[in-house]
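The values are calculated or read from the model by the stated rules, or taken from the named source; none is laboratory data. Remember, predicted model here, so these are calculated numbers, not experimental data. As a convention, Cβ positions derive from the backbone with ideal geometry for all residues, glycine included, and neighbour counts pool all protein chains shown. Keep in mind that these areas ignore ligands, DNA and RNA; they rest on the heavy atoms of the full protein, side chains included. Shrake-Rupley method; radii C 1.70, N 1.55, O 1.52, S 1.80 Å.
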Amino acid sequence: MGNAVRHLLSIEGLTKQHLLRLVNNGREFVEVLQRDLKKVPTLRGKTVINLFLEPSTRTRTSFEIAAKRLSADAVNVSEGGSSIVKGETLLDTALTLQAMAPDILVVRHKESGAAHFLARHLRTTAVVNAGDGMHEHPTQALLDLLTLQQHFAAHNRSLEGLRIAIVGDIRHSRVARSNMWAHALLGNEVRLVGPRTLLPEYFASLPGLRGNISLFHSLQEGIRDVDVVMCLRLQLERQSEFFIPSLEEYSREFGVTRTLLDACAPKAVVLHPGPANRGIEVSSEVLDSPRALMQQQVTFGVAIRMAVLLDAALGGEVEESHQIAGGHAA
Amino acid sequence: MTVVRNGRVVDPSQGLDGERDILVRDGKVAAIDRPGSFASLRDEETIDATGMLVTPGFIDLHVHLREPGFEWKETVATGSDAAALGGFTTICCMANTNPVNDCAEITRCIIDHARAHGRAHVLPIGSISKKLEGKEMSPLSELARAGCVAFSDDGEPVKDAGLMRRALEWASMLGLTLSCHEEDKSLSCGGCMNESALSTKLGLKGMPKVAEEVMIARDIELARTTGARVHICHVSSGRGVELIRRAKNDGIQISAEVTPHHLMLTEDAVTEYDTNAKMSPPLREAFEVEALRRGLADGTIDAVASDHAPHELDSKRVEFSRATFGIIGLQTSLPILLELERTGVLSLSRAIESITSGPAKVFGLQAGSLRIGQCADLVVLDMGKQWQFSREHCCSKSFNTPFADRLLQGKASSVLLAGKTIVREERFVNGEA
């Protein structure tokens, strides 16, 4: 291969073309995941290390399965099992792993900028950001796009022209940030909905987003006529920092319920990146209804991560994955 | 006996700007006169300052020398070397050492080390509270007698307004200033850059300007009610400047400093999570930089101080939020100020004043002037010298600077410390570097 190291650090900064290529490549892999033998030889001989320094079930598992279905060797490193607990710095840990010549390092870290930091120092390993602090979670936005693309295709609509409300703790959400940039690239209308304490006005003035974004402090108004309601997990550990008076107050004002959804566009859908606090940011009635696409999000997450790993491993060499996805099952 | 010949002497303390020769005798400025006036002298040392600028040695009200306790970051000796090559002959070092400079022994230890090394007048700043804990007042009189020239809990702002009030009252008996790092940590809590659209985009916790401004407002009122002298460290916002401007108009004894980096850089320097752009207070937006420049130009801000804060590479080569705060500045202050002069932000005399007589007045120091009889601290500047600040140039033990790779112009060519030539042609006399 041509040794083209291509990191995926953020949605911000991607071209629309690159974004759509990742989503479309993900769609090709959905077909692979529906086969009896869900494995292709595309990345045989490649090594993916999942360096997860923050608790995670779905993202880590999703990356691991994605790597394995591409026939790559996947290795998982978690904080408790790493030398970080012995006081090793993040950089030394990453350099140590790089010395074992992996092709891709998938990084989850609780500090914003951690993936950028490693990308700046690693020379031969592509870094894929699996969530850094409050900054970005690019593969989540991509899998959300794939989920919406698959859903709305059935109604003869495309990803472009959607109106989306992102609801809840925007301030601390990397999912919200990645999705904002993604939908702005597509020219979609993005509404951010939440209490002032969790939705700082700075979001209205992000360079490159003005014109696509509007802020709402009323849930009823914010979700009126939207096609997509994206709920965010309320980070319960934030309560001590005065962001909300109480869970009850938050839930009364900003919890998404079935009756509220009547104000949305017909056939509007609900997304949630998980894990959900049922009864707080969203009611069980909504989550358990066919409008909620949580399970599809998880399923398509594997396909998207296959597309992302392919992109990172092969750099600019692969533009479309269908030849590869259509290859012989291993 | 030394004669500095043919230089353009700029000394704002006496409104002087013209070609002069300066005669230095017994460590003091003995005479200043037209070029050639001292031609008949014999056996004197001559410094040819033709085409150069001659000014009083610079004063930095705010440096961290890290000794005792953090000698791997900096020492009194290495910090003095950085000062000398940067044109600074007087530096005031903050109390956040380990142990804290809250007793005469530490103060004397710093002064002794500085004298033994002999490359700068090092004037210690004592802590306001014991161990910087904000609970008990340090023995301010003892510290003053030992040689402290001001008091500060820099880095750990005094939260308790009652303690602050009493410390101001005590310091006013000594005629000394309290130098205040203004930050309400309950507002900036956990922040690591300016709170803004950029911090929102980067997902970094912000330090809002109001965290600084509420404390400036509080200390202005405490200065008013006590009649004591408050100095505001490294002001970073236009609103902060405005509060100071009004207080001065009200006749309150208040002064302020600004750093070269807050005058030259914006928060955009953080964009790639560059930890050499992480400091407290943080870099702000361009419009705040403009307001700070105006405040310095119109005299609302009295002094430029570097907040020279050495940190080893390991403490900076980590995740942004975990990196240490602060950058070094002693060797880059002058070229940054001269860049402001070249771009029309400051007049030459205002630029020089802000690092000579301006800061001298703030702490009431007998320095920053070439008046006859003054201690002969002076610097000869090569205004046209273009250079880049690299590790090899850097005298500090640490090289945490956002100004590496920037094309700088202007450098100290010669430095006289109490009449003794310690730097000649940008190099130490009798020494390396």
- [ ] Would you tell me the mean number of C-beta atoms belonging to other protein chains that fall within 10 Å of each C-beta in B:192-203, as a whole number?
- [x] 6
- [ ] Run the quick spin-label model on B:Lys131 and B:Arg317: label points 7 Å from Cα toward the beta carbon, then report their separation in nm to one decimal.
- [x] 3.4 nm
- [ ] Compute the Cα gyration tensor for region A:138-293, then decide on rounded, prolate or oblate, letting a ≥ b ≥ c be the square roots of its eigenvalues: rounded whenever a/c is under 1.5, prolate when a/b is larger than b/c in the other cases, and oblate in all that remain.
- [x] oblate
Task: Quotient of C-alpha Rg and 2.2 N^0.38 Å, computed over region A:208-304 - done: 1.13
Open item on the list: If packing is taken as the average number of other Cβ atoms within 10 Å across a peptide's residues, how do B:388-398, A:243-253, B:256-266 rank, most packed first?
Closed with: B:256-266, B:388-398, A:243-253
Task: Point-charge dipole on Cβ atoms (K/R +1, D/E -1) for the protein assembly as shown, about Cα centre, debye to 20 - done: 1020 debye
Open item on the list: From the P(r) of the protein assembly as shown, could you give the percentage of C-alpha pairs in the tail past 41 Å?
Closed with: 42 percent
Task: Threshold 30 Å², region A:194-218 residues less accessible with all protein chains present than alone (1.4 Å probe) - done: A:Tyr202, A:Leu206
Open item on the list: Please report the accessible area of B:Trp170 (heavy atoms, 1.4 Å probe, ligands and nucleic acids excluded) in Å², nearest 10.
Closed with: 110 Å²
- [ ] Determine, from the Cβ-Cβ distance of B:Ala418 and B:Gln388 and an R0 of 41 Å, the FRET efficiency 1/(1 + (r/R0)^6), rounded to the nearest 0.05.
- [x] 0.85
Task: Those lysines that a straight Cα-Cα span of less than 25 Å connects to B:Lys135, excepting residues fewer than 8 apart in one chain - done: B:Lys159, B:Lys185
Open item on the list: Quick check: the distance between the Cα centres of region B:37-104 and region A:253-306, to the nearest angstrom?
Closed with: 64 Å
- [ ] Please compute how much accessible surface disappears when A pairs with B, both sides summed, using a 1.4 Å probe, and round it to the nearest 100 Å².
- [x] 1800 Å²
Task: Rounded to 10°, Cα long-axis angle of helix B:76-86 versus longest principal axis of chain B - done: 60 degrees
Task: Percent accessible area from carbon and sulfur atoms, region B:57-363, protein chains only, probe 1.4 Å - done: 50 percent
Open item on the list: Can you give me the accessible area per residue for region B:57-363, using a 1.4 Å probe, in Å²?
Closed with: 32 Å²
Task: Exposure of B:Ser186 as accessible area (Å², to 10), given a probe of 1.4 Å and all protein chains - done: 100 Å²
- [ ] Would you work out if region B:57-363 is rounded, prolate or oblate? Take a ≥ b ≥ c from the square roots of the eigenvalues of the alpha-carbon gyration tensor; rounded if a/c is under 1.5, else prolate when a/b is larger than b/c, oblate otherwise.
- [x] rounded
- [ ] Return the residues of region B:317-347 for which accessible area with all protein chains present is lower than in the chain on its own by 50 Å² or more; set the probe to 1.4 Å and exclude ligands, DNA and RNA.
- [x] B:Arg317, B:Glu319, B:Arg322
TODO: May I ask you to derive the relative contact order of chain B, considering only C-alpha pairs under 8 Å and at least 6 residues apart, and to give it as an integer percent?
DONE: 19 percent
Open item on the list: If I model chain A as equal point scatterers sitting on the Cα atoms and use the Debye formula, what is log10 I(q)/I(0) at q = 0.08, 0.12 Å⁻¹?
Closed with: -0.36, -0.82
- [ ] Take the Cα gyration tensor of region B:293-333, multiply each eigenvalue by 5, square-root it, and list the three semi-axes largest first, rounded to whole angstrom.
- [x] 29, 12, 7
TODO: May I ask you to derive the FRET efficiency for B:Glu425 and B:Ser141 from their Cβ-Cβ distance with R0 = 51 Å, giving the value to the nearest 0.05?
DONE: 0.70
Task: Cα lying deepest toward the dipole's positive end in the protein assembly as shown, options B:Ala360, B:Ser306, A:Asn212, charges on Cβ - done: A:Asn212
Open item on the list: With both bridge residues required to lie in chain B, what share of the DSSP beta bridges run antiparallel, to the nearest 5%?
Closed with: 50 percent
- [ ] Let me have the 222 nm mean residue ellipticity of the protein assembly as shown computed from DSSP H runs of 4+ only, each contributing -39500 (n - 2.57), with the sum over all residues rounded to the nearest 500.
- [x] -9500 deg cm²/dmol
TODO: For B:Lys316, list the lysines whose Cα falls under 21 Å from its own Cα; do not include residues on the same chain fewer than 8 positions away.
DONE: A:Lys86, A:Lys110, B:Lys73, B:Lys205, B:Lys278, B:Lys397
Open item on the list: Threshold 40 Å², probe 1.4 Å: give the residues of region A:117-156, in number order, that are less accessible with all protein chains present than with their chain alone.
Closed with: A:Phe117, A:Arg120, A:Met134, A:His135
Task: Cβ crowding within 10 Å averaged over residues, with A:76-86, A:43-53, B:298-308, B:55-65 ranked highest first - done: B:55-65, B:298-308, A:43-53, A:76-86
Open item on the list: Probe of 1.4 angstrom, ligands and nucleic acids ignored: what's the accessible area per residue over region A:138-293, in square angstrom?
Closed with: 39 Å²
- [ ] For region A:178-330, give the percent of accessible area contributed by carbon and sulfur heavy atoms, probe 1.4 Å, rounded to a whole number.
- [x] 52 percent
